[in-house]
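Trainee: I am attaching a structure below and will ask some questions about it afterwards.
Throughout, read-outs are computed from the coordinates displayed, never taken from laboratory work. This is a predicted model, so every value here is computed, not measured. All Cβ positions, glycine included, derive from the backbone under ideal geometry; neighbour counts span all protein chains shown.
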Amino acid sequence: MTTTHESVATPDGVVAPRFRPPAGASSSATLSLDGEWRFRLFPHPETGVDHAERGEDWDRLAVPGHWQLAEAPHAWPYGVPEYNNVLYPFPVDPPHVPDDNPTGEYRTTFRLPADWPEGGRTLLRFEGVDSWFQVALDGELLATSHGSRLPTEVDLTDKLRDGGEHLLAVRVTKWSAMSYVEDQDQWWLSGIFRSVTLEHRPDGAIDDVRVHAGYDHTTGVGALWVDAATVVTGPGAVAARVAVPELGIEGAAGEELRVAVEPWSAEQPRLYDVVVTTDTETVTLAVGFRTVSIEDGVFLVNGRPIKLRGVNRHEFDPLRGRAVTPERMLEDVLLMKRHHINAVRTSHYPPHPHFLDLCDRYGLYVIDENDLETHGFLGESWAGNPTDDPAWTEVLVDRVTRTVRRDAHHASIIMWSLGNEAGGGRNVRAMADAVRALDPSRPIHYEGDYSSDDVDVYSRMYADSAEVELIGQGIEPPLERADADSRRRAMPFVLCEYAHAMGNGPGGLADYDAAFDRHARLLGGFIWEWIDHGLTRTDADGVEFAAYGGDFGERFHDGTFIADGLLLPDRTPSPGLLETAAVFAPIRIDAQPDGTLLVRNRYAFRDTSHAEVGWTLHRGAEVLATGTLDLVLEAGTETVVRPPSDLVLPEPGEAPVWWTVRAVQHKAESLEEAWLEPGFELGAGQLLLVEPASLTAPAGRVSTEADGGFRAGPARFDGRGDLRELAGRTVHDFRVDAWRAPTDNDRRPAKWQGSADEEKWREAGLHLLAERKNGVGVSADGALEIDARIAGPATRAGFATRYRWQPVTDAPDAVDLVVDIRPEGRWPESVARLGVVLALDEPTAAETGVRWTGLGPDESYADSKQAALGGSWQHTVADWQTRYTHPQENGARRGVTSAVLSFTDGTGLRIDAGDVTVGARSQLGIELSLRPWSDDALDRAAHPHELVPDGRLWLHLDAAQHGVGSAACGPGVLANAQLHAAPVRMRLRFTTL
Ligand code: IPT
């Protein structure tokens, strides 16, 4: 055994790759070796420790687990996690890695249990070890392996003594030649991070099963064929038999069994127990009958076009890293199902196999991806890339072979992926050939094959929705080679990554989704990504927070780019996930320009009889009438609905009147759906039927105070026209604002997206706006008029502004404000917001209650608003905040026509919005943001727990805000959601309560 951690060689001393049945599916004995092992970390692979060393006085370490996280979140005795995206954190000098290469020596002992069966073989199985490792039993080196997210089996049979104790030694290096092909965008975390088991293989056992379970949608017949050629039996064994008791069919392995079945799909994940037996072993597999095909450039499951509304999922747990528990896997699957996600790309490696069992069972389409990424060669124009180096062919083919062998029996897997960001080259062809030989039934995906020569679907990442639209129509720019071009033009198109969900966002999801619906060629895509990989750690005061790159003192890292998921690290759904659920809704209900609602059944296979479609006529939260719509739509059909003609609409009042239609699931159709809670929403939409009554004209007169200041109802001003008091509270700040604490997308860390919005905003001085008053006076009709100019340093551009304050006749506690903002000079193509900021003295700002009428209940932005519905909602100011892993602009509520703030001292402030115009457009309501800290503090904070209330309540009352886009990696804010410096007029009324 001469290979080292720097060898480019396939694993040595290991058993040929084979399938992995779910835990408990086989009748054969297994023994878990998970638990506390002995462990010691050395600085180099040359540990100087003999494999026979028992390590009895070493530390104890949990297996499975990563050694860097052994004592998370408090201590890091074995080195810290390091986060890198593309770049290798070591010199690019393949296959060499640094001498400083932390190496763990693991030891455990075991005895075969007394009832361990006689005869047969005993295999030692590792589900995942990161990155390169040696296995020794009783001091004898038996195997070396790698493929961090791939299984390794070692045959121990000849080495085991009856009843004796055995010493198992595993040496694991952090870095190896394989680190060059495992350059995924995630934490570097090492060790035995998935389970270790002993598996008994009786003579005549079922060593490998390949299941083909197709479904003919024209006849309703399923064809089951368990590949006999791969049932490897021992001496004297009989051939395997196959039975499906529920279907009453039985036959020999290798024989095709045909019978009418209910097909499997992600919508209706029907599974049958397929029992494979020999004289000595029974394996029961949950098998779904389904056929994947591509016809006329359209991707079909069971003969019907499907859309993938998917996410990229890395394995992640904030305390355990990639050592995810079955409970976490289930949590992920259920969260996906509950948010209408129907597909997962296992970025960028095969997941723990149990996750695939869950995808089969609950219904998720899966692209199973090979453990391969060589992104760090990109900077070298891919020179020396393993993907194009013959020395690496065997290793890469071995990896993809192990992937397909392990997982091919899963119904959920509809495509294989050769890897991610690994460039092009000869080994792409070699891998594709290997996959086709093993499993011709599934298409092959690999985005890095830019001309799509070796793949079956055209895949891209982060193309904007306009380009996707062209591809949908089949009129994308041609490839240079005509043959490759015509081949690719006949392929379905998938976005293997899009809608980069970093921080506040993604914006623009609905634009993509609309394109998917418009064009048959568009198969859909996978949002990047499922979860923020923020690792829990404690700060100096013992406070836990979600750490990202650099938080462990790493000197070479990619910072916050690890926090780009739809879930916050603790699996709290972010507003982005709620938006995803609304955009992906299987029953989409959308307002049409003609005042009707279009209801679309977007299921491929099921009608909507499991849904009840109900409506509510409501004014804010006040329900005026309810009803149901008698509506069952066949798969893929749509209808138009409108409010009943006899519906009596009320006169305009304080709040708008909405007609809201919701489709909710009223019955679970199978066990797999038992998790659906009653009232589970399958889609919602609404129409605005009655606009609120206009605010009365103010018509009161400001009074002049003895000190030369002014008073207008609850507002007091000094003689210069500075607002000093409102609602009995000192005012610390009040002026026009056009800035926000930049989002990750505003900052645009992705170089290829051009210069950042934030950069342009800073150049225009938006972050340092200051006000100069040009005049203060009382108008003929009694209003206090303040003319001001708001501008940043070093620029001639500014906002000429008039604030007009006027008391409200007959309402002594109320004051009206009309703000007119007129941009002067040259402004960047966008500004962050246009409105006013107000900071009130309020020691318990965070506990302030807020009830508002407008869109909610969660935040929304111009390009992320599908989830927001009109109504009345309430929160505290603390709950109003979204705790993005990296603090940034958050929490805007749009379309707000009124808001009531309830302070902890029992007083309150009501804000009503009157007419609002932005440029030529008039709109209902304002955008409201509330914070117990300033935007500056929000911008400066590196983590949410660093934000502390500053004794003030900060309010943003905006006419509009710029959208959020997804420029952190994808396209910026589209034209339909950009905010330009435009004239703004906004009328607000403040009333003390
Ligand atoms: C893309 C990667 O495939 C993915 O792993 C992740 O790093 C993502 O970027 C950014 O979060 S590759 C990029 C060059 C578009």
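Trainee: Taking loop as defined by DSSP and a crowding limit of 15 other beta carbons within 10 Å, which trypsin sites (Lys or Arg not before Pro) in the range 658-739 fit?
Mentor: LYS667, ARG720
Trainee: How far apart, in nanometres, would the label points at GLU622 and ASP59 be if each is projected 7 angstrom from Cα along the Cα-to-Cβ direction?
Mentor: Modelled inter-label distance: 6.4 nm.
Trainee: Follow-up. Calculate, for ALA697 and GLU759, the FRET efficiency according to 1/(1 + (r/R0)^6) with r their C-beta to C-beta distance and R0 51 Å; round to the nearest 0.05.
Mentor: Step by step, r from the Cβ atoms, then E = 0.70.
Trainee: Right, here's the next one. Pairs of alpha-carbon atoms within less than 8 angstrom and 6+ residues apart define the contacts here; what relative contact order does the chain have, in percent?
Mentor: In percent, rounded to a whole number, it is 9.
Trainee: Could I ask something else about it? Which far-off residues, 5 or more places away or on another chain, put their amide H under 5 Å from the one on ALA223, with H placed in the peptide plane?
Mentor: GLY214, TYR215, ASP216
Trainee: What does DSSP give for the range 294-582 in terms of the percent of beta bridges that are antiparallel, rounded to the nearest 5?
Mentor: Roughly 30 percent of the DSSP beta bridges within the range 294-582 come out antiparallel.
Trainee: Work out the charge dipole of the chain with +1 on the Cβ of Lys and Arg and -1 on the Cβ of Asp and Glu about the Cα centre, then indicate which of ALA422, ALA867, PRO477 is farthest towards its positive end.
Mentor: Selected residue: ALA867.
Trainee: A further question on this structure: Compute the Cα gyration tensor for the range 861-906, then decide on rounded, prolate or oblate, letting a ≥ b ≥ c be the square roots of its eigenvalues: rounded whenever a/c is under 1.5, prolate when a/b is larger than b/c in the other cases, and oblate in all that remain. Write out the running numbers ahead of the final one.
Mentor: On the way: a/c = 2.61, a/b = 1.19, b/c = 2.19.
Cα axes put the range 861-906 in the oblate bin.
Trainee: Taking the simple approach of a point 7 Å from Cα along Cα-to-Cβ for both ASP50 and ALA75, what is their distance in nm?
Mentor: About 3.1 nm, to one decimal.
Trainee: At 222 nm, what value in deg cm²/dmol follows for the chain if DSSP H runs of at least 4 each add -39500 (n - 2.57) and the sum is divided by all its residues, to the nearest 500?
Mentor: Only helices count here, giving -3000 deg cm²/dmol.
Trainee: Hey, another quick one. How far apart, in nm, are the 7 Å Cα→Cβ label points at SER32 and ILE294?
Mentor: Using points 7 Å along Cα→Cβ, the separation is 4.2 nm.
Trainee: Considering only the other residues whose Cβ falls under 11 Å of the Cβ of GLY683, what net charge follows from Lys and Arg at +1 and Asp and Glu at -1?
Mentor: Once all neighbours under 11 Å are counted, the net charge is +2.
Trainee: Any idea what the dipole of the chain comes to, in debye rounded to 20, about its Cα centre with Lys/Arg Cβ at +1 and Asp/Glu Cβ at -1?
Mentor: Details: 94 positive and 152 negative charges, 492 e Å.
Charge dipole, the chain, about its Cα centre: 2360 debye, nearest 20.
Trainee: On full extension of the chain, what length is gained from ASP279 through THR109, given 0.36 nm per residue of separation minus the C-alpha to C-alpha distance?
Mentor: Gain in length upon complete extension: 58.0 nm.
Trainee: Where does each of TRP827, TRP530, TRP188 land when they are ranked from fewest to most other beta-carbon atoms within 10 angstrom?
Mentor: Placing the least packed residue first, the sequence is TRP827, TRP188, TRP530.
Trainee: Which of the listed residues, THR897, GLY963, THR608, is farthest toward the dipole's positive end in the chain, when Lys, Arg count +1 and Asp, Glu count -1 at the beta-carbon?
Mentor: The Cα lying farthest towards the positive end belongs to THR897.
Trainee: I'd like the Karplus ³J(HN,Hα) series for the range 366-379: coefficients 6.51, -1.76, 1.60, θ = phi - 60°, whole numbers in Hz, and an x wherever there's a Gly or Pro.
Mentor: Values per residue, Gly and Pro as x: 10, 9, 8, 9, 5, 7, 7, 7, 10, 3, x, 7, 4, x Hz.
Trainee: Same structure, new question: What is the range 703-992's relative contact order, in percent, from Cα pairs under 8 angstrom and six or more apart in sequence?
Mentor: Details: 778 pairs, mean separation 62.8, N = 290.
So the answer I get is 22 percent.
Trainee: Follow-up question, since we're still on this one. Give me Rg/Rg_expected for the chain, where Rg uses Cα atoms only and Rg_expected = 2.2 N^0.38 Å with N residues. Write down the numbers at each step before the final one.
Mentor: On the way: Rg = 31.4 Å, N = 993, 2.2 N^0.38 = 30.3 Å.
Normalised Rg, Cα atoms only: 1.04.
Trainee: Moving to a separate point now. In terms of the Cα gyration tensor, with a ≥ b ≥ c the square roots of its eigenvalues, is the range 855-993 rounded because a/c is under 1.5, prolate because a/b exceeds b/c, or oblate? Present the calculation step by step, with values, prior to reporting the outcome.
Mentor: On the way: a/c = 1.76, a/b = 1.06, b/c = 1.66.
Cα axes put the range 855-993 in the oblate bin.
Trainee: I've got another one for you. For the range 708-782 and the range 808-881, what is the centre-to-centre distance using only Cα atoms, to the nearest Å?
Mentor: 13
Trainee: Using the Cα gyration tensor of the range 483-616, with a ≥ b ≥ c the square roots of its eigenvalues, what is the shape: rounded (a/c below 1.5), prolate (a/b larger than b/c) or oblate (neither)?
Mentor: On the way: a/c = 3.07, a/b = 1.56, b/c = 1.97.
Taking the square roots of the gyration eigenvalues as a ≥ b ≥ c, the range 483-616 is oblate.
Trainee: Kindly flag which residue pairs out of LYS337/LYS865; LYS751/LYS865; LYS337/LYS760; LYS174/LYS307 have an alpha-carbon separation exceeding 29 Å in this structure.
Mentor: LYS337/LYS760; LYS174/LYS307
Trainee: Then there is this: Can you compute the charge dipole magnitude of the range 526-679 about its Cα centre, using +1 on each Lys and Arg Cβ and -1 on each Asp and Glu Cβ, nothing else charged? Give it in debye, rounded to the nearest 20.
Mentor: 400
Trainee: Follow-up question, since we're still on this one. Using Cα-Cα distances under 8 Å and only pairs 6 or more residues apart, what relative contact order does the range 585-690 have, in percent?
Mentor: Over the range 585-690, the number comes to 35 percent.
Trainee: With the Cα gyration tensor of the range 703-992 in hand, convert its eigenvalues to equivalent ellipsoid semi-axes via √(5λ) and list them largest first in whole Å.
Mentor: 29, 22, 18
Trainee: Here's a follow-up. For the chain, what is the percent of antiparallel DSSP beta bridges, rounded to the nearest 5?
Mentor: 90
Trainee: Oh, and also: If you take the beta carbon distance between ASP485 and ASP707 as r and set R0 to 60 Å, what does 1/(1 + (r/R0)^6) give as a FRET efficiency, to the nearest 0.05?
Mentor: It comes to 0.15.
Trainee: Does a label point 7 Å from the Cα of THR907, set along Cα-to-beta-carbon, have any residues of the range 691-730 with amide nitrogen under 15 Å, and which are they?
Mentor: 712-717, 724-730
Trainee: With r as the distance between the Cβ atoms of GLU331 and GLU677 and R0 = 22 Å, compute the FRET efficiency 1/(1 + (r/R0)^6) and round to 0.05.
Mentor: 0.90
Trainee: When the convex hull of the C-alpha atoms of the range 294-582 is computed, what volume per residue in Å³ does it have?
Mentor: 138
Trainee: Also, quick follow-up: Taking the Cα centre of the range 585-690 as the origin and placing charges on Cβ (Lys, Arg +1; Asp, Glu -1), which of PRO593, PRO643, LEU631 is farthest toward the positive end of the dipole?
Mentor: The residue sitting farthest along the positive end of the dipole is PRO593.
Trainee: Stick to the Cα atoms of the range 585-690, pair each with every other, and give me the Kirkwood hydrodynamic radius in Å at one decimal. Numbers along the way, then the final one.
Mentor: Values: mean 1/r = 0.0688 Å⁻¹.
Over the range 585-690, the inverse of the mean reciprocal pair distance is 14.5 Å.
Trainee: Hey, another quick one. Computed over the Cα atoms, what is the radius of gyration of the range 1-46 divided by 2.2 N^0.38 Å, N being its residue count?
Mentor: Output field value: 1.73.
Trainee: The range 334-380 to the range 94-113: how many Å between their Cα centroids?
Mentor: 27
Trainee: Let me ask something else. Under a point-charge model restricted to the Cβ atoms of Lys and Arg (+1) and Asp and Glu (-1), what is the dipole moment magnitude of the range 252-306 relative to its Cα centre, in debye to the nearest 20?
Mentor: On the way: 4 positive and 9 negative charges, 45 e Å.
Result for the range 252-306 is approximately 220 debye, rounded to the nearest 20.
Trainee: Let me ask something else about it. Pull out the extension gain between HIS217 and ARG826, defined as 0.36 nm times the separation in residues minus the alpha carbon to alpha carbon distance; nm, one decimal.
Mentor: Stretched fully, the HIS217-ARG826 segment lengthens by 213.1 nm.
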